[in-house]
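Step one of this worksheet: look at the structure below.
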Amino acid sequence: MSGFARAFGTFIVGALVYAPMQSVAQDPYPAKTIRLIVPFPPGAGTDNVARLIAQKMAEGLRQSVVIENRTGAGGAIGQAEAAKADPDGYTLLFVAGPFTTVAASQKNPGYDPQRGFAPVAPIAAGPLAFVVNASVPVSTMREFIALASREPGKLNYGSAGTGSINHLALELMKARTGVNIVHVPYRGIADATKDLLGGQIQAMTASIPATLPLLAERRIKVLAVTGGKRVPQLPGVPSWREEGVVDADVTNYWGIVAPVGVPAEVVAKLNREIQKILGEPEVRERLEREGAEVSDGSPDRLGQIIAHDLARWKKLVNDIGMALE
């Protein structure tokens, strides 16, 4: 065989070997299943919203999007796991308020919400409901504050755990009103709700959808919503601001982030897809039922939300001298 023939044969073999490798390298994203970590239990409000978005993403991207619930430590376990994942766009994290409240209130949460993640897209945001057991002798937020002022340390409030948004929201309310109500942390909001209904605690904050059936059964009273304005689901319930709790607006946000280092083109593609999803009437209606408003926007917009929320909660923790765990 001539030298030319041997060289040509080598070229052909090399081309055949290289071709599939080149094809794999150029496969458009996403070329395999996307994992969406949700650091909260199945069936919770945040999980329900995450599953809706994941389903729509799978349809639009024509690729499987699998929810993985990684619960514990107020969301810190799942958030820390996501931070350690490969930044290839195939592991994403669905975030909510505890993404920043836990980071602000823990010495070592296991992740950094700003340096450890790249924002992908905001989803929505909405207030919580401030509720009391039906036997508490008040009908308004102002009356609750007056009662707590007359009887300092006698009323208890529950939360989903130290550093949760339920916890820091009411610590913020205490700081603004000067009342003394006692924090009782639980392993999750479901346990806190059971004790609220049983009368072991008197107050807590909860998601809007979770309050509606309990309110209909008259097992609780909804005294206010924690945002700056009323919500359509509870039109007769005033905001904290209306009830004199000033500079204390609290909203729970939802968004999607990825481990830092994810390619910019992947972030851009995911953001475009999520913007399409948030424009669907079905999705907007579903989010409205959660008491939330769509927060469509760029990755930078979600980054701003996270930065603002983290700074605010860090300031509160510092101002009240809260011991970091």
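The values are calculated or read from the model by the stated rules, or taken from the named source; none is laboratory data. These figures come from a predicted structure and were not determined experimentally. Using ideal geometry, Cβ is built from the backbone for each residue, glycine included, and neighbour counts are taken over all protein chains shown. Note: accessible area is taken over every heavy atom of the protein model, side chains too, but ligands, DNA and RNA are not part of it. Shrake-Rupley method; radii C 1.70, N 1.55, O 1.52, S 1.80 Å.
For the reader, a short list of remarks on this structure follows.
- Selection status of Gly97, surrounded by fewer than 17 Cβ atoms within 10 Å (Cβ to Cβ) and farther than 20 Å from Pro30 by Cα: no
- Of all residue pairs spaced 6 or more apart or on separate chains, those with beta-carbon atoms under 6 Å, a first member in the range 48-64 that is in contact (Cβ under 8 Å) with a residue 40 or more places away in the chain and a second member that is open to solvent by 10 Å² or more (accessible area, probe 1.4 Å) and part of a loop (DSSP other than H, G, I, E, B) are Leu61/Pro30.
- Qualifying residue in the range 106-121 (condition: touching a Ser or Thr at 6+ places or on another chain (Cβ under 8 Å), open to solvent by 30 Å² or more (accessible area, probe 1.4 Å) and small (Gly, Ala, Ser)): no
- Residue list for the range 128-159, restricted to those being open to solvent by 20 Å² or more (accessible area, probe 1.4 Å) and assigned to a strand (DSSP E or B): Asn156
- Pick from the range 299-315, criterion more than 15 Å from Phe117 (Cα to Cα) and not charged (D, E, K, R), ranking: farthest from the chain's Cα centre (by Cα): Ala311
- Annotation note: of Val49, Val17, the sole residue that is at pLDDT below 95, part of a helix (DSSP H, G or I), open to solvent by 10 Å² or more (accessible area, probe 1.4 Å) and not small (Gly, Ala, Ser) is Val17.
- Taken together, the residues in the range 209-222 that are in a loop (DSSP other than H, G, I, E, B) and free of Cβ contacts under 8 Å to residues at least 24 places away in the same chain amount to 1.
- Residues of the range 190-208 that are assigned to a helix (DSSP H, G or I), touching a residue at least 40 places away in the same chain (Cβ under 8 Å) and surrounded by 24 or more Cβ atoms within 10 Å (Cβ to Cβ): Leu196, Ile208.
- Any hit, the range 87-94, residues being hydrophobic (A, V, I, L, M, F, W, C), closer than 20 Å to Val267 by Cβ, out of contact with any Cys (no Cβ under 8 Å at 6 or more places or on another chain) and part of a helix (DSSP H, G or I): no
- Qualifying residue in the range 23-34 (condition: within 30 Å of Ala206 (Cα to Cα), modelled with pLDDT of 95 or more and open to solvent by 30 Å² or more (accessible area, probe 1.4 Å)): no
- Looking across the range 171-189 at every residue that is assigned to a helix (DSSP H, G or I) and of a type outside the set (Ser, Thr, Tyr), the one that is most open to solvent (accessible area, probe 1.4 Å) is identified as Arg176.
- Note on the range 285-311: among residues that are modelled with pLDDT under 95 and in a helix (DSSP H, G or I), the one that is most open to solvent (accessible area, probe 1.4 Å) is Arg289.
- Lone qualifier among Glu68, Glu81 - being touching a Lys or Arg at 6+ places or on another chain (Cβ under 6 Å), surrounded by fewer than 21 Cβ atoms within 10 Å (Cβ to Cβ) and not in a helix (DSSP H, G or I): Glu68
- Test for Phe94: is it modelled with pLDDT of 95 or more and either closer than 30 Å to Val179 by Cα or basic (Lys, Arg) (or both): no
- Entry remark, the range 223-269: residues being without any contact (Cβ under 8 Å) to a residue 60 or more places away in the chain and either of a type in the set (D, E, K, R) or open to solvent by less than 10 Å² (accessible area, probe 1.4 Å) (or both) number 4 in total.
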